[in-house]
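Before any comments, here is the structure.
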Amino acid sequence: MMSIEITPEERKTGQLAPEKMATALQAMAEDGVVALRQAIDVGPVDKLGAKMLADLVRYAELGEIDNNFQGVRPPPFHPFLFPEIVFNEPAIAISRAILGAGATLTSYGANTAFVGSQTQQVHADAVPPQPDPYAPCTLLVINIPLVDMTEENGATIYWPGTHQDGRLHSGNRFPTEAMLAEWQAKRPAERTLAQRGDLVIRDMRIWHGGMPNRTQTHRPMLALVHRHEKPEQGTFAVEAGSEDFWSSHPRLQTSPIFVPKPIDYLHQGHSRPIKQ
């Protein structure tokens, strides 16, 4: 996985050095994945991580966990909304370079490798209605680990370049074993190992899956989806009172649904909207 080191100044402004931006765009075009190292100050990452780990303990007490990698949602209210995370400047710069000026945050979700989780079925998150290896990217996901992501606690495995394969479509998001073996022979699978403060940008057409968590601690990871244009209706639920936060960025649109306090957010469901 191509990695780019982000400086404190680049973290603040989102103005990446030209050679870094070129490397990021080349990696996204060829591999479909790029890692930005230390793109976020670890302070807010650790604050949100502590809250989400506590939420996971509470959620486990409320009922049985479904080990399907659909994480309990991050708290969509203050004081757990951090602009360094939601409106990460380096990620937005790359997103807009790929998706265009209409880039919109359409999901503020998470996935979790729960303790005891096993290997997830390999799949693509989003594929076009009809196979087209030349179609431009319209959906990116920005994954932000809230604890260090290792081989032991549930890293994501992916097959670089599969966003250009074109054999999957909206009726079938799951490559066959033969397809995986064929791709593995020419471009072996890689793992998204990342530390707190890193983020990983991925074309949502990439074939990927979660790996087992063999530790005794859940592995939460944010999943922020960017779409190439703003949808007509809101797509993810947040708590009323945070309106200013979600409209605060000049270059990234958002599509939240504001729900009266207190919002009932402790549900699994990956990054889909909360059902009211």
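The values are calculated or read from the model by the stated rules, or taken from the named source; none is laboratory data. None of these values were measured; they are calculated from a predicted model. Here the Cβ positions follow ideal geometry from the backbone for every residue, glycine too, while neighbour counts run over all protein chains shown.
In the range 255-269, the residues that are within 22 Å of residue 114 (Cβ to Cβ) form Cβ pairs under 9 Å with partners that are of a type in the set (Gly, Ala, Ser) and in a loop (DSSP other than H, G, I, E, B), at six or more places apart or across chains, as follows: 268/71; 269/71. Within the range 3-29, being loosely packed, with under 15 Cβ neighbours inside 10 Å, of a type outside the set (D, E, K, R), in contact with a helix residue (DSSP H, G or I) (Cβ under 8 Å, 6 or more places away or on another chain) and farther than 16 Å from residue 137 by Cβ holds for 13, 15, 17.
Does the range 151-205 hold any residues that are of a type in the set (A, V, I, L, M) and without any contact (Cβ under 8 Å) to a residue 40 or more places away in the chain, and which are they?
178, 179, 181, 185, 189
Taking the criterion of being polar (S, T, N, Q) and surrounded by fewer than 23 Cβ atoms within 10 Å (Cβ to Cβ), the only residue of the range 73-105 that qualifies is 104. For the range 31-40, the criterion of a residue being within 30 Å of residue 159 (Cβ to Cβ) and more than 18 Å from the chain's Cα centre (by Cα) is satisfied by no position. The lone criterion from (1) closer than 28 Å to residue 261 by Cα; (2) of a type outside the set (Ser, Thr, Tyr); (3) at pLDDT 95 or above left unmet by residue 73 is number (3). Being within 30 Å of residue 4 (Cα to Cα), at pLDDT below 95 and over 15 Å from the mean Cα position of the chain (by Cα) holds for only one residue in 218, 228, 249, 267, and it is 218. For the range 30-72, filtered to residues that are among the small types (Gly, Ala, Ser) and either assigned to a loop (DSSP other than H, G, I, E, B) or touching a residue at least 60 places away in the same chain (Cβ under 8 Å) (or both), the residue that is surrounded by the fewest Cβ atoms within 10 Å (Cβ to Cβ) is 63.
Taking the range 218-247 as the range and being among the basic types (Lys, Arg) and either crowded, with 18+ Cβ neighbours inside 10 Å or under 30 Å from residue 152 (Cβ atoms) (or both) as the test, the residues that pass are 219, 227.
Per the listing 117, 95, 107, the residue uniquely assigned to a loop (DSSP other than H, G, I, E, B) and either more than 13 Å from the chain's Cα centre (by Cα) or hydroxyl-bearing (Ser, Thr, Tyr) (or both) is 117. For the criterion of being over 26 Å from residue 244 (Cα atoms), in contact with a strand residue (DSSP E or B) (Cβ under 9 Å, 6 or more places away or on another chain), not in a loop (DSSP other than H, G, I, E, B) and not basic (Lys, Arg), residue 144 fails. Just so you know, in the range 109-146 the residues that are at pLDDT 95 or above and touching a Pro at 6+ places or on another chain (Cβ under 7 Å) include one that is nearest to residue 258 (Cα to Cα), and it is 146.
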